[in-house]
Amino acid sequence: MINKIYAILLFSLFTISSASAQFVWYENSSNTDNIKFESALKGTFTIDETNPETSGINPNATVSKFVRDGQEGSRINFDIKRPITDFSSYTISLKAHTSIQTADFNSTNKRIRVYLKNTSTSNSSIFEASNFTTGETWESFTFNFDGTTIPPEVIAAGGYDQMSIQFAAGDDGGLTSTYYIDTVTGSSDQSPCEIVQPAIRNADYLSGSWGVRLNMFGGFRLDDSSDQLDWVAGAQEIVDNLPTVGHVNTNATHPAQGYYYTLRDNPYVDIANEIHPAMVPSLENEQIILDVIDVFKNSGKKVILYLNGAGPGHLQGNSAVELEIAAAWENFYNAAPYNGDEALAWRTIVKGYVERFEGLVDGYWLDNLVNLPGSLNEFVAVIKEADPNAIISTNGDPNFVTDENGEPIYVDSDGFDDADPTDYSVKDFQISDPYMDLTGGHPTPLGQGAPPNSWAYEEFLFPLIVENPWGFYEYTCSKEALKHYFCPIRKKWSVSTAELMFETEQAYRFVRTFTDAGACITWSTTQQGGLMTDDEMAIMQEINDRMLQSPKPDYEPYVRPEGAYLVGEEPPVSVSSVDQTDFKFYPNPVTHTLTISGTSTDVNHIQIFSAIGTKVIEKVWDKGSSSTQLDLSALNAGIYFINISNGHNDNISRKIVVSK
C-alpha cells in the first residue's frame, strides 16, 4: 500500500512538472469540461447535429452547427471555465466545415477567426485569423497566440474568460452559409510553476490554522429565532473554549441558502422594500451578525463568510415563503434598470454586501457556483473591487485522486459490516481556477456513500496535501492557493441531530496532519440554541487542549481499518475455518460487561471498532481459557463491531449494541 501512495505522489508531481499540456475543450458536442456555450450572435447554434462528412479528418457521428443569418459580425461565444492568463506557446485548435463551395470563396467569406476577451473589461479583445482553403469538407485550424502580450487590466481581472469563433468576418453580402465545428483544444508549452518564485500567497495567514463553523440563521429566520438562539453567546463560547482555533467560517445567511440574504442595510438595493422583506432581518437583528463578527475579530480569529453564489433565485425547498422570495426576485431583476439581467442584479446586491463587511471579515467561501448567474470572473471581480484584501475560496470543479495509471481510485468498503454498497471516488484538492486563494475543501459528497472521515482520505489524499500544502492553478505561476479541508463532523451537513462521525483521536489526527504540514482544516460544526453541540465541543476542546501543550502529544498513527478495501483489491478474509457457532457474545445489547465464550482457545485476539472504523479496545485473553469478559462501561451508547481472531486469517466478527 505504501508503494501505491508513492506512485500517486509521483504521478501528481509528474503532472505538475510537465513541460507541455493540451486541454480538450469541446469534443463531439458533449465534452464541454473547459468551455461552455454562452450565446450565438446573428446566427443559430445547435448541438448533436449529424456530421455531414464522417469519411474525412473528423469521423465523429455528431457535431455542432452554426447557421449564419446574413448579417456581418455573426459569431459563437463560449465561456472559458479556466481563464487564460499566460500566452507562452499558447495555441487554440479546432476542426471546421463550411457549406460554401471552393469556387465561390472570396476574400471575406472564407475567413475564420478566434477572438479572446475578458468580459469585465472594455477593449480587451484580441484575435488570430485563418482561412478555409477547401469548401464542403472538414479542415483543421490552429490559431497561435504565442508571445502575445496580455494587457495588465486583463491580468488583474483574471485573464481571458471568453472565446468567440467568427465566420466570414467583414462579409456584408447577406451570406447565409452553414458551418460545423468540433474538437476545440487549447495547448501550451510553459515552464513548470516550481521555478517561478516567489509566488503570491494571499491566504498565508491561514497556513497551519484549524477552525470551526458558526452556522447562523439569516433573513426572517433570524427574526423568528432571535429571542431563542443566542448566537453572540455561541461565538463567545468558541473564543473562550478554543483559543488555538485560528479562524471561523460563519454564515450571514441560513446554511446553503442564498435567498435569506443579509444585510438589510445595502447601499445599492433596498432589499426589504424592493424585493422581499423575508430575505433580510430587522435592523435590530442585523446587529447580531455584526456583534458575532466583532467577538471573533476582537479575539484575533480570522473570519471567513459563507456566500451562496446562486443567489435568491435558487431554492433549497418549496415552502410558501421560499416561493414568494423566488417570484419577487424574478420580478425585481426583470424590471428596470436590470431588464432581465439577473447576473447584474445579483452582483449589485453582492457588491453592497461585501462593502458592508470590508475590514470586518477576511474572506469568502463561495458555494453553489454551478448555479451562479453570469460568469465567475465577473462575480469575483465585484468582490475584489468591493474588498481588495478579501481572500476567496471557490468550491469549483471536482478533481479526484488517481492511481499510477491516472484512473480515479474507488472505495469498495469502509470496513466491518459496510451496509452501503456505493463505491465512491476520493476528492483531490487541486487548484481548479485562478480565483482560489484556498481550496473549497469539500469532500466527496456524503450522498455518494462517502463518510467525512473516510480512511481513503487519510491513505490517499492526505499524503498529497502533506507533500504539497500549496498549489498552482494549472500553469499560472504567479499565485499559490492553500490546501484546505472543509470537513462535516456529522453524517449530514449542518444537522445537529445527525450521527456524529468523529471521535477525538481521529479528529486530533486530522488537525495535526493539516496544521503540521502548513495546510488548513475547518470543522463544519453545528449548533443547538446558538451554541456548539456539547458532543462536538467536547471533541474540539480536547483537540484545543492538546494543541496548547509543548510539545504537542503524539496522535495515534493511521492504520487502515479492518475490512476496508478499494475496488479491484482482494477483500480481506472475514470468514474463517473456525466454527462461528462455537462462540457466544452476551448480553447483547450490553450496558457494562460483555462476556465472550468459545471452545477454541487459539482464537483469543480481540478488537472492538466503532461504527466509523475507529479501534476502541484491543485485548488478548489468556490462552487456555474458554471465556473472557470486557468492561465496556467507558464506551458511548451506539453500534460497535467486535472481531476475534488467532492473529492470522481465522477470525469471527459480530455486531454489538452498547446501551446506557
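Volume of the convex hull of the stretch 20-190 (Cα atoms only), normalised per residue: 109 Å³.
The GluC sites (Glu not before Pro) found in the stretch 76-175 that occupy coil by DSSP, while having at most 14 further C-beta atoms within 10 Å, are Glu136. Note on the stretch 204-548: Kirkwood hydrodynamic radius from all Cα pairs is 20.7 Å, rounded to one decimal. Here the stretch 115-161 and the stretch 287-305 have alpha carbon centers that stand 45 Å from each other. Taken along the Cα-to-beta-carbon direction at a fixed 7 Å, the label points for Ala61 and Ser478 span 4.6 nm. Taking the Cα centre of each part, how many Å lie between the stretch 322-393 and the stretch 481-510? Taking the Cα centre of the stretch 481-510 as reference, the centre of the stretch 322-393 is 29 Å away. Averaging the sequence gap over all C-alpha pairs within less than 8 Å and six or more residues apart, then dividing by the number of residues, gives the chain a relative contact order of 12 percent.
Past the 50 angstrom mark, what percentage of all C-alpha to C-alpha distances in the chain do you count? Summing the P(r) of the chain above 50 Å gives 23 percent of all pairs. If r is the Cβ-Cβ distance from Lys615 to Asp294 and R0 is 60 Å, what FRET efficiency results, to the nearest 0.05? Efficiency, rounded to the nearest 0.05: 0.90.
For Ser99 and Thr595, a Förster radius of 60 Å and the Cβ-Cβ distance give a FRET efficiency of 0.10, rounded to the nearest 0.05. Listed cross-link partners Lys584/Lys619; Lys492/Lys552; Lys483/Lys552; Lys302/Lys427; Lys42/Lys110 are compared with a 19 Å cut-off, the Cα-Cα value being larger for Lys492/Lys552; Lys483/Lys552; Lys302/Lys427. Each principal axis of the stretch 444-554 carries a Cα extent, and these read 46, 39, 27 Å when sorted largest first.
Bear in mind that the values in this text are calculations on the coordinates, not laboratory data. Since we're looking at a predicted model, the values are computed, not measured. All Cβ positions, glycine included, derive from the backbone under ideal geometry; neighbour counts span all protein chains shown.
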